[in-house]
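K.L.:
Quick one: the structure is below, questions incoming.
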Amino acid sequence: MPVVLNKVERGKPMDEAAPKKWYITSKTLSQLKENEVAKQIANETTLNPKEAEMAISQLQRILLLNLLSSNSVQLGDWGSFYLTCNSEGADTKEMLTANSISRLNIRFKPGKAIKDALKEATFVFAEDLVSKKE
């Protein structure tokens with residue numbers, strides 16, 4: 001299945017007088033829940049769905065445990081997970097505290113396998129899918 005795209009017209013928020021332009025955005029068709037992912041893993045491996053669900057749950061637990069211990073987590077050629085944070089600016093170094101953090105973010109840096117797979121993506125516009133159904 002190809003990646004589904006939308007065409008969206010947007011203006012510049014800081015310059016409302018600027019002409020609007022058209023941009024491409026990706027469209028999510030549905031969201032797979034953990035148990036459905038586990039079923040798909042079970043279909044591809046010797047694990048049963050409950051074992052696959054437990055493995056996913058443990059991966060999440062171990063990933064968070066390590067990220068919250070200031071470790072990055074690399075999963076083979078899949079890529080690496082790591083934390084970043086956003087903070088409020090301070091006038092002096094001494095004024096910065098952990099309370100200055102406004103948000104903690106989990107980032108993912110794809111590895112070679114995922115980058116190569118993304119290069120092979122095919123695309124279809126959502127409006128073309130709708131016109132084909134009619």
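K.L.:
Scan region 1-19 for residues that are surrounded by 10 or more Cβ atoms within 10 Å (Cβ to Cβ) and free of Cβ contacts under 8 Å to residues at least 12 places away in the same chain and jot them down.
P.N.:
Filtering region 1-19 for residues surrounded by 10 or more Cβ atoms within 10 Å (Cβ to Cβ) gives 2-8, 10-12, 18.
Correct list: Gly11, Lys12, Ala18.
K.L.:
Which of the residues spanning region 109-121 are open to solvent by 80 Å² or more (accessible area, probe 1.4 Å) and either under 22 Å from Asn66 (Cα atoms) or not hydrophobic (A, V, I, L, M, F, W, C) (or both)?
P.N.:
Lys109, Lys112, Lys115, Lys119, Glu120 - these are the residues of region 109-121 that are open to solvent by 80 Å² or more (accessible area, probe 1.4 Å) and either under 22 Å from Asn66 (Cα atoms) or not hydrophobic (A, V, I, L, M, F, W, C) (or both).
K.L.:
Pairs only if they're at least six apart or on different chains, beta carbon under 8 angstrom, first in region 67-95 and surrounded by 11 or more Cβ atoms within 10 Å (Cβ to Cβ) and polar (S, T, N, Q), second at pLDDT below 95 and part of a loop (DSSP other than H, G, I, E, B); list them, first residue then second.
P.N.:
From region 67-95, the pairs are Ser87/Leu96.
K.L.:
Output the residues belonging to region 35-49 that are assigned to a helix (DSSP H, G or I) and surrounded by 12 or more Cβ atoms within 10 Å (Cβ to Cβ). Reasoning before the result, please.
P.N.:
Of all residues in region 35-49, those assigned to a helix (DSSP H, G or I) come to 35-44, 49.
Asn35, Glu36, Val37, Ala38, Lys39, Gln40, Ile41, Ala42, Pro49, listed by residue number.
The values are calculated or read from the model by the stated rules, or taken from the named source; none is laboratory data. Because the structure is a prediction, the values reported are computed rather than measured. A quick note on method: Cβ atoms are made from the backbone with ideal geometry, for glycine too, and the neighbour counts reach across all protein chains shown. Heavy atoms of the whole protein, side chains included, go into the accessibility calculation; ligands, DNA and RNA do not. Shrake-Rupley method; radii C 1.70, N 1.55, O 1.52, S 1.80 Å.
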